[in-house]
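The values are calculated or read from the model by the stated rules, or taken from the named source; none is laboratory data. Just so you know, these numbers come straight off a predicted model, no measurement behind them. Virtual Cβ from ideal backbone geometry, glycine too; neighbours counted across all protein chains shown.
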């Protein structure tokens, strides 16, 4: 240990040498030489106990949740689950990994972001990329044609993490989906109602829900002269309009994707359009657009959707926006995405102030999205039977980030336990009495704690209560034991009152149910 | 499609040919020939639409949870979490995968069961094998020396699945751990109190909690003449006593592990001992055992533990059992395991009726286990600082299996949604009115559903209520609209009453809070 301390001392002073040279802007050679000495010292220490070489971290793009973050997370989940349950959803769960082939061919270009498991002599497995494909697999496998379900679970993407903006490689999705053959746009409208309710209840500031339809996009591409085989790739360029100004998007269409300038300009006119039911009506009369049957079907459905949204009283936040494209391959009809429009909550994605989304202020990015996918279940069914589906996914990590920032900024302390009372003593040798009392409290269903020390100091017991927000202390002493009472102390006011052992449980319940 | 049906017909009759030949024990050549024809037919069908070759299943050893299973699972979790919270625990979460090196060297022989991720050009990752090692990594990484936390999450083991007995490759663990330097056996006793409370509240039938100490095992091996370097391997043979009779265990020790017959017999005497505080006292006076300081330290702690368990009022279910070994490498002190002793709930592991556990009736296997691991956090700390820990893990999958069987056997239907009221109509063209009403109910926080059809039949709406246990129906018709009322129907009694629109929300809340 002597040796180790000496080496650590040497590392410290060598570190200062390096820092000094850097601050003096010494020559690279000189700095490198001293850094090499520093590394050698560190290696000596490492060789000493072997532990220093160990990298103590979580995997790239992932994080632990500490108790405070968990308390916030559970509050958010509880709001979301309440909403899903209010709308009559059941819940299911699926394994974290699927057979690799289950995920194959469902995500287009994004397939490269799937995590594969090592082949350890068995099936080839991949971590789930979203909850939608496992849901479709579940429906096909169990021949379910009708269900309204939610699923809250982690999904995995080998994406470039941007953790300060809430983009992780392991992250939660909160999905709500309605499967079944129903009359058009009714379940679709309910999904939007749910997004509206959740974002309102979480009090994240103002938001917009953009709506579009894959059929309108396809029809628009057709009438603007995009060749059939370029629909998908042009669509994925349009999808970048929330991050890039139109000029750049157009450039990508023309130079990278080989679209004619004329076609691009025609697309440019449409994708700048935003409105409501009126815009859908106007486009149904649009000379060019009305030439596409596909587009007209989409536009009629948008009209119908808005009539239901009026009944659901959510039209104040919903915008029909022809620039909304969404990346995933499996959407077949209506698509939507919710964004927070309030500034200053989280850093905006670069370039958001320009381009199509400028009117909405600085966007903090999408917090919910979804759409209709009528073909996905059929891809899993041996007889290709279709089960029409529509759903929404709440992008919970960004919401966590915002809630965490709000909690940091607020003066209110987040409690991480629910303990109602601490059983404490002021004198020595009362461990047995404390354990007996805490047992009585636990057995009566009261949330109680006791210090795991034979003779703890009263001050340290009270400090623990202050720190973790425990409202009451039940104090035992020789006198109290003689009198058959417990001194009940209110932590916030320091008020103390003797309560008989018989009345203690009732008294604690009364006082903590009030709070 | 015609063709396909014909091929399917041909496959069917060819299948019968093969079955017939097999039942007649025809020659191998003959059978092979007909099987080849069958396979060719199947390939034709596969080539026809390509979908038939797709395997529609979850990965080996994993399963989906359907809504009914989820309802049971959530009830079990809620009981367990309530107990953890009653004892003042916070909760944390960690990623599903860790750096591979984080798990290396923690699980002894079981390391081969770890799932590795494919090397996709980045860090080498493995799925977590338990929640204890990630917890220790979390403590070391965040320099936490004091915490009482629970963690409920899935863990992964490439074990041989036995799904009917609740053994999966992906399964939940519910862990409660206390980290910190405290006076001996107080947190350890609380862990046992928690197991006792949870198993009692879940009403799984009678149970026993076996207790032992690694130091007693080590001391026992020493005094029985086991060479130092054979402690671990002999310990893992002792661990099989709950599945194998003593004779087989002894045989493994002598013939496979090379232990002397004499030493094995001495071990045999000790591992048949069961008792309480009295047994610990007796062994402290045992001529042979008292020669080992290690064993004496363990025995004194068992004595102390039982004195706390008496105060916690749980000694009726706790047995000091010298045959309890537990496999994991990281335990350093007290260890424990809870087993259900009731017969007939689940199929018993083979051989359980013989041997050491015969007295306890047929064991359905361990449902909880844990112990003290004072060295694990230090393995992650660059300065090897120790953080003493003790914890327990509830083996929830076996509990689910039992609860599911109980639910199947019971007449009470498990509800999978919480819907209070269905908004229905008896006449056509009332979709708009239904949507308006359900919006008013949702906005008032009532759990409500509406059929996604323009003109649904009243009967099918009522049937849906019966099937999913929805207690109330709010029925709208022309007359009701004219009168400004809603017909509220109680599904169970078929009683109907007109309620004014103003009073409807209050009336639904009143009726559903009663239930």
> From the list B:398, B:413, which one is crowded, with 21+ Cβ neighbours inside 10 Å, more than 13 Å from chain A (Cβ to nearest Cβ), at pLDDT below 95 and over 30 Å from residue B:184 (Cα atoms)?
Replying inline: B:398
>> For segment B:85-112, which positions are part of a helix (DSSP H, G or I) and either facing chain A (nearest Cβ under 10 Å) or free of Cβ contacts under 8 Å to residues at least 24 places away in the same chain (or both)?
In response: B:85, B:86, B:100, B:101, B:102, B:111, B:112
> Just for segment B:113-126: of the residues that are more than 7 Å from every other protein chain (Cβ to nearest Cβ) and either within 26 Å of residue B:401 (Cβ to Cβ) or within 22 Å of the chain's Cα centre (by Cα) (or both), which one is surrounded by the fewest Cβ atoms within 10 Å (Cβ to Cβ)?
Replying inline: B:113
> Do we find a residue being within 19 Å of residue A:275 (Cβ to Cβ), in contact with a helix residue (DSSP H, G or I) (Cβ under 6 Å, 6 or more places away or on another chain) and crowded, with 17+ Cβ neighbours inside 10 Å anywhere in segment A:200-207?
Replying inline: yes
> When both residues are 6+ apart or on different chains and their Cβ atoms are under 7 Å apart, which pairs have a first residue that lies in segment A:139-166 and is on the phi > 0 side of the Ramachandran plot, and a second that is surrounded by 14 or more Cβ atoms within 10 Å (Cβ to Cβ)?
Replying inline: A:166/A:397; A:166/A:398; A:166/A:400; A:166/A:401
>> For segment A:447-471, give me each residue that is touching a strand residue (DSSP E or B) at 6+ places or on another chain (Cβ under 9 Å), away from chain B (no Cβ under 12 Å) and farther than 20 Å from residue B:84 by Cβ.
In response: A:458, A:461, A:462
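A quick yes/no check of all residues on (1) buried (at least 18 other Cβ atoms within 10 Å of the Cβ); (2) at pLDDT 95 or above:
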position: B:135; (1), (2): yes, yes
position: B:138; (1), (2): yes, yes
position: B:142; (1), (2): no, yes
position: B:156; (1), (2): yes, yes
position: B:168; (1), (2): yes, no
position: B:185; (1), (2): yes, yes
position: B:188; (1), (2): yes, yes
position: B:195; (1), (2): yes, yes
position: B:198; (1), (2): yes, yes
> Taking segment B:456-474, which residues are assigned to a loop (DSSP other than H, G, I, E, B) and under 18 Å from residue B:486 (Cα atoms)?
Replying inline: B:456, B:457, B:470, B:471
> Hey, any hits in segment A:62-71 for a residue that's in contact with a strand residue (DSSP E or B) (Cβ under 6 Å, 6 or more places away or on another chain), at pLDDT 75 or above, assigned to a helix (DSSP H, G or I) and under 30 Å from residue A:176 (Cβ atoms)?
Replying inline: yes
> What tally of residues in segment B:162-185 results from selecting those that are outside any strand (DSSP E or B) and either under 14 Å from residue B:128 (Cβ atoms) or in contact with a strand residue (DSSP E or B) (Cβ under 6 Å, 6 or more places away or on another chain) (or both)?
Replying inline: 1
>> As an exercise: evaluate residue A:140 against (1) more than 7 Å from chain B (Cβ to nearest Cβ); (2) in a helix (DSSP H, G or I) and give the number of the one condition it does not meet.
In response: (1)
> With respect to residue B:148, is the statement that it is in contact with a helix residue (DSSP H, G or I) (Cβ under 9 Å, 6 or more places away or on another chain) and either buried (at least 21 other Cβ atoms within 10 Å of the Cβ) or at the interface with chain A (Cβ under 10 Å from one of its Cβ atoms) (or both) true?
Replying inline: yes
> Are any residues in segment B:417-446 within 8 Å of chain A (Cβ to nearest Cβ), part of a loop (DSSP other than H, G, I, E, B) and surrounded by fewer than 20 Cβ atoms within 10 Å (Cβ to Cβ), and if so, which ones?
Replying inline: B:418, B:445
> Within segment A:217-239, can one find any residue that is within 23 Å of residue A:206 (Cα to Cα) and under 29 Å from the mean Cα position of the chain (by Cα)?
Replying inline: yes
